[in-house]
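Laboratory data are not the source of any read-out in this text; all were calculated from the coordinates shown. Values in this document were obtained by computation on a predicted structure and should not be read as measured data. Positions of Cβ are backbone-derived with ideal geometry, glycine not excepted, and every protein chain shown enters the neighbour counts.
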Amino acid sequence: MSEVIVTAADEIEVDHNALDGSVARFSGRNGRYYAAVFRRIHESSAPFPLTFNSAAAVLGPLWAAMRGAWGAFWGFLILETLALVQIGRGLWGDLGSDLATRAESQLARAASFLEQATAAKQAGQDPTRFEKMAENLGRAGERSLEAAVAASADATTILLFGIMLFLGLRIVQGGSANIIYEKQYSRWRIDPQHTESGIRPRNLILGVLLFAAISPLTIYKFAVANPPKLLSEFPAQRSHFSAVATWIEARIDAAAMAGAGTFDSIVTGVRSVLNALTVTLIGTPWPVVMLVICVVAWRSAGPRIAIFTAVCIAYIAFFGYWELAMETVALVGAAVFICVLLGIPLGIWFGKSERAYRAAEPILDLMQTLPAFVYLIPIVAFFGTGNPPGILATIIFGMPPVIRLTALGVRGVPESIKEAAMAFGASRWRLLRDVEVPLALPSIMTGVNQTILMCLSMVVIISLIGGGGLGKVILEALQYAAKGPGIMGGIAILFVAMVMDRIVQGAFRRDQRK
């Protein structure tokens, strides 16, 4: 007895009239054509159904612009511009002009050396040196002439390649246009407000303007032998740069003089935190510090991390990096302490206030994206050199992660849980302390972890402005190209980072298990 297998697709009944009407509303013109094509695409089991859109093949990127398919417009515009550049090079490009000019110069110099050889003979001197140089330059000139002739002969090949590439791209556009447009139709059915549909003259005009602004200039730049300098260099004026740079420098100097007392107070506060950590880590006998670190690793993260910590410390101590490593830990510890002390409250505030977060977001973006070498300049101008300014630069670089992730964690607390806590009489402070912060703790600790690692990445940069620690080892290795000491110092920095990271992560995971 034969069995009849009915698939889920067979059981689905499609209202083709409603679907055709939807496609017609989406496409505007040629609604029947696109309804038939989309139906064929839907019914086809092939990954790329074979359809051809003659309008897309003729108009190229302009069809995509007219239909609002901007991704296809930009992709095919760039590819067609490359093809048109090859056509322009084949038609108007003097491909062998540079080589011909070089050959002419070489042959002229060869003739000059021959004249010097003749003069040397007449003067009774040995002309061998001049004759040899003339012979070498003559051979080089002949090779350059041959290369120029070969390059000129390649113009036809480049022209044919450009034409074939252009026609191939148009065929590809015609074959892929319906598939691209069907995907746009699918997005339109989900979100009609934010997906373009139909033919819009505004889009066509914009596409024409973009095409006219991009392709002709690009073709002219690469096809003409000596294009205008304006196409290669922006007409900037050095006087504007000097005036703005001088103004900025004067403002920074004035601000440094006006706020000298404030800046000195900040440096004093940072130095006090750093001195406390330095005395604790370096002033205390090294066996005590080693033992305490291993015990903290054991109690926080378990015996495996304790053994790993002991191995890392042994490497650091055995190769004479102990004091430098402890100075590095003090620098990073001071920076992390200030980052966490300021970052977590700010993150909580930004997590609860959307307006405050929007106001601070550009500043956080600036702190993370601006290269460290850029803001080292005002740091040195305002705070001088040494470890405290280095810590301030590290704070600028390392604070954004803990702020962002704390805000993210606070925002991620479900509203239902907060409403339940408020229903049971929890005050806003109690809600924050007993509900929001504990639930946001995974995100907060991830931010702390990222801050630690980012602060450690600044160790070498701190050494550029007079900071100490293991960064000095790397800086000296770079200055004297000392490969061995540089690699050994880098491994020491790696071990310090890994120990701090494993201890913090282990402590957090153990608290989570409890």
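Each Lys or Arg adds one and each Asp or Glu takes one away; over the other residues whose Cβ falls under 15 Å from the Cβ of I307, this sums to +3. Quick one: net charge around L59, please, counting Lys, Arg +1 and Asp, Glu -1 for every other residue with C-beta under 11 Å from its C-beta. With Lys, Arg at +1 and Asp, Glu at -1, the neighbours total +2. Just check the chain against the gyration tensor rule for me: Cα atoms, a ≥ b ≥ c as the square roots of the eigenvalues, rounded for a/c under 1.5, and otherwise prolate or oblate depending on whether a/b exceeds b/c. Since a/c reaches 1.5 but b/c is at least a/b, the shape of the chain is classed as oblate. Based on Cα atoms of segment 355-514, Rg over Rh with Rh as the Kirkwood radius reads 1.09. Per-residue ellipticity at 222 nm, computed for the chain from helices alone with -39500 (n - 2.57) per DSSP H run of at least four residues, works out to -27000 deg cm²/dmol. Computed 3J(HN,Hα) for segment 242-256, one whole-Hz value per residue from the Karplus formula 6.51 cos²θ - 1.76 cosθ + 1.60 where θ = phi - 60°, is 5, 5, 5, 4, 5, 5, 4, 4, 5, 5, 5, 4, 5, 5, 5, glycine and proline marked x. Peptides 274-287, 248-261, 175-188, 129-142 ranked from most to least packed by the mean count of surrounding Cβ atoms within 10 Å: 175-188, 129-142, 274-287, 248-261. Using the beta-carbon distance between D126 and E104 and R0 = 35 Å, what value does 1/(1 + (r/R0)^6) give for FRET efficiency, to the nearest 0.05? Step by step, r from the Cβ atoms, then E = 0.75. Taking every lysine pair in the chain that is 8 or more places apart or spans two chains, those with Cα atoms closer than 21 Å amount to 4.
Ranking F161, N275, Q173 by how far each Cα lies toward the positive end of the dipole of segment 147-284 (charges on Cβ) leaves Q173 at the top.
Taking a Cβ cut-off of under 15 Å around I344, the surrounding Lys, Arg, Asp and Glu residues balance to a net charge of +3, with basic ones at +1 and acidic ones at -1.
Charging the Cβ of each Asp and Glu at -1 and of each Lys and Arg at +1, and nothing else, the dipole of the chain about its Cα centre rounds to 840 debye. Each residue of segment 298-309 was assigned a 3J(HN,Hα) from its phi angle through the Karplus expression (A = 6.51, B = -1.76, C = 1.60, θ = phi - 60°), giving 5, 6, 8, 10, x, x, 5, 5, 5, 5, 4, 4 Hz with x at Gly and Pro. Between E361 and R32, the FRET efficiency from the beta-carbon distance, with R0 = 51 Å, is close to 0.55. Ordering 230-239, 400-409 by mean Cβ neighbour count within 10 Å, with the highest value first, yields 400-409, 230-239.
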